[in-house]
Amino acid sequence: MDDAEKKGGKINSMRTNGKRVVTRLNEIYQCGKKEDGTYTRMAFSAEDIKGRKLFASWAQELGMNVRMDEGGNLIARMDGQNNDLPAILMGSHLDTVPDGGKYDGVLGCVGALEVCETFKAEGYIPKHPIEVIVFTDEEGFRFGKGLTGSSAVCGRDAGIQDSESDIYGEERGHVMQSYGITSEGVKNAARDPESVYCFVELHVEQGARLYRTNTSIGVVSSIAGVNRYEITVAGEANHAGSTAMADRRDALVAAAGFINKVPEVTTEYGNEFTVATVGTIKVTPHSVNVIPGTCTFSLEIRDTDAEVMSLVEQKLQETLGDICKSYGVSYTFVPTSFHEPAPMSEWVKENIVNAVKELGIDYCVIPSGAFHDSLIMTSVFRTAMIFVPSEKGISHSRYEYTKDEDVENGCNVLLQTILNIDRD
Ligand code: HGY
Ligand code: MN
Ligand code: MN
């Protein structure tokens with residue numbers, strides 16, 4: 001390709017190979033096959049590592065330089081015409097929730113690699129170096145806190161410690177040995193803001209707005225903030241046969257009273273998009289013939305407005321206090337993680353919108369209820385996201401599905417966005 005072509009017609013007709021992307025989404029999915037019949041790539045697990053190795057091998061075949069930073073982020077780099085320029089970053093995550101789907105996170109990684117593969121096939125050398133980044137433990141279900149790799153890249157305290165235990169009782173320090181990283185070392189992964197031009201993440205919507213309105217592309221306006229808490233209700237463990245109903249201080253019954261109120265309070269004090277969820281629960285001593293002495297559960301509140309989030313938190317805490325008082329039990333309400341709602345970069349968004357228009361694809365601008373590595377990345381780097389539809393809005397499920405043509409559209413929009421940014 002000569003210079004005129006590089007600047008003109010040929011690059012405007014450059015397209016990704018949708019079939020290859022769909023095949024790769026399936027291949028990464030297969031890496032998660034487990035004996036229990038699910039497909040799960042829990043962060044730091046053998047299945048996760050298998051997926052990352054496969055991904056790294058594809059990048060190496062392209063001649064990209066592949067490394068892992070101290071945060072465990074896998075980074076594949078393609079040289080630009082001027083390697084002194086800051087790098088254009090694309091990517092997402094390969095870890096999944098339990099029994100997760102084929103698209104969440106993986107599309108952003110495989111789609112980013114596809115952009116590089118298309119550049120190579122077309123002989124197009126971008127001005128800027130390009131990096132594809134697979135972030136560490138985005139989902140965070142294992143230790144109850146995600147966005148580990150992106151927090152590290154942004155120099156934000158990921159709030160992790162080698163001594164903390166995951167949901168199976170395994171220590172983080174031991175678990176992270178599978179990547180060869182430590183909680184202390186993760187802090188060294190902070191990236192010089194000057195070394196990054198911008199970050200673009202392609203992702204499935206995970207909600208039903210694009211699907212319901214039959215829209216091909218979502219340009220993400222902002223990402224909802226997410227605050228998490230661990231609540232423990234403490235009553236009295238006692239004999240389940242000989243303790244009269246009137247004499248009980250059952251921690252689970254009190255917790256259930258509160259959990260039952262969460263939707264009502266959230267709807268009353270939140271706005272249209274506010275959500276609150278209790279997603280995990282455990283009791284002690286966890287015996288069929290003992291009244292639960294303690295009940296510990298998670299609470300998560302999400303919204304695009306930080307003030308609404310704190311009002312809902314306050315009202316839920318008041319409700320918990322009233323209910324615990326009426327049952328004669330005590331409680332603790334401990335914040336475990338806070339992520340502020342975050343708007344996306346106007347400049348990157350504009351580049352995405354221009355790309356969509358150039359390709360003649362229909363789009364709308366929507367907020368994201370799910371969080372993503374972009375939620376953190378936008379605090380340091382110019383960041384925006386491209387959404388493609390999730391059939392029926394289903395995600396975090398084996399039934400997650402995005403049509404092949406939507407996958408291809410998303411990759412082409414990513415490609416065109418990067419071309420536009422690179423020429424800026
Ligand atoms: O939970 C989330 O919103 C993200 O998908 N990890
Ligand atoms: Mn997810
Ligand atoms: Mn995701």
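The values are calculated or read from the model by the stated rules, or taken from the named source; none is laboratory data. None of these values were measured; they are calculated from a predicted model. Cβ sites come from the backbone with ideal geometry, for glycine too, and all protein chains shown count toward neighbours.
Of the strands (runs of 3 or more DSSP E) entirely within the stretch 280-361, those holding at least 3 residues that are touching a residue at least 40 places away in the same chain (Cβ under 8 Å) and of a type in the set (Val, Ile, Thr) occupy 294-303, 330-339. Scanning the stretch 104-120 for residues that are part of a helix (DSSP H, G or I), within 16 Å of the chain's Cα centre (by Cα) and not small (Gly, Ala, Ser) gives VAL106, LEU107, CYS109, VAL110.
Restricting attention to the stretch 16-27, does a residue exist that is of a type outside the set (Phe, Trp, Tyr), under 16 Å from ILE130 (Cβ atoms), in the same structural domain as GLU408 (by TED's automatic domain parsing) and away from ligand 2 (no atom under 16 Å from the Cβ)? Yes, the stretch 16-27 contains a residue that is of a type outside the set (Phe, Trp, Tyr), under 16 Å from ILE130 (Cβ atoms), in the same structural domain as GLU408 (by TED's automatic domain parsing) and away from ligand 2 (no atom under 16 Å from the Cβ). Against the list (1) in contact with a Gly (Cβ under 8 Å, 6 or more places away or on another chain); (2) at pLDDT below 95; (3) closer than 19 Å to ASP406 by Cα, the condition MET1 fails is (3).
Taking the listed residues VAL262, VAL253, the one that is in contact with a Leu (Cβ under 8 Å, 6 or more places away or on another chain), surrounded by fewer than 20 Cβ atoms within 10 Å (Cβ to Cβ) and not in a loop (DSSP other than H, G, I, E, B) is VAL262, with no other qualifying. The set of residues from the stretch 379-419 being crowded, with 18+ Cβ neighbours inside 10 Å, more than 15 Å from ligand 3 (Cβ to nearest atom) and of a type in the set (S, T, N, Q) comprises ASN409, ASN412, GLN416, THR417.
In this structure, TYR124 does not qualify as outside any helix (DSSP H, G or I), within 16 Å of ligand 2 (Cβ to nearest atom) and either within 21 Å of ARG15 (Cβ to Cβ) or among the acidic types (Asp, Glu) (or both).
To keep it simple, each residue is scored yes or no on (1) at pLDDT 95 or above; (2) outside the structural domain of PHE44 (by TED's automatic domain parsing); (3) more than 16 Å from ligand 2 (Cβ to nearest atom).
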site	(1), (2), (3)
ILE88	yes, no, yes
ASP95	yes, no, no
GLY100	yes, no, no
PRO129	yes, no, yes
VAL134	yes, no, no
GLU139	yes, no, no
ALA152	yes, no, yes
ALA158	no, no, yes
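Only helices (runs of 4 or more DSSP H) whose full extent lies in the stretch 146-221 are considered here, and the ones with at least 2 residues that are in contact (Cβ under 8 Å) with a residue 40 or more places away in the chain and within 16 Å of ligand 3 (Cβ to nearest atom) are 148-153.
Of all the residues in the stretch 234-250, those that are in contact (Cβ under 8 Å) with a residue 60 or more places away in the chain and touching a Pro at 6+ places or on another chain (Cβ under 9 Å) number 2.
For the stretch 78-116, taking the residues that are within 13 Å of ligand 3 (Cβ to nearest atom) and of a type in the set (S, T, N, Q), the one that is nearest to ASN420 (Cα to Cα) is identified as SER92.
Of the residues making up the stretch 47-57, those that are surrounded by fewer than 21 Cβ atoms within 10 Å (Cβ to Cβ) and among the hydrophobic types (A, V, I, L, M, F, W, C) are ILE49, LEU54, ALA56. Note on the stretch 245-283: residues that are over 22 Å from THR332 (Cα atoms) and of a type in the set (A, V, I, L, M) total 2.
Picking from residues in the stretch 24-62 that are free of Cβ contacts under 8 Å to residues at least 60 places away in the same chain and part of a loop (DSSP other than H, G, I, E, B), the one that is nearest to ARG172 (Cα to Cα) is ARG41.
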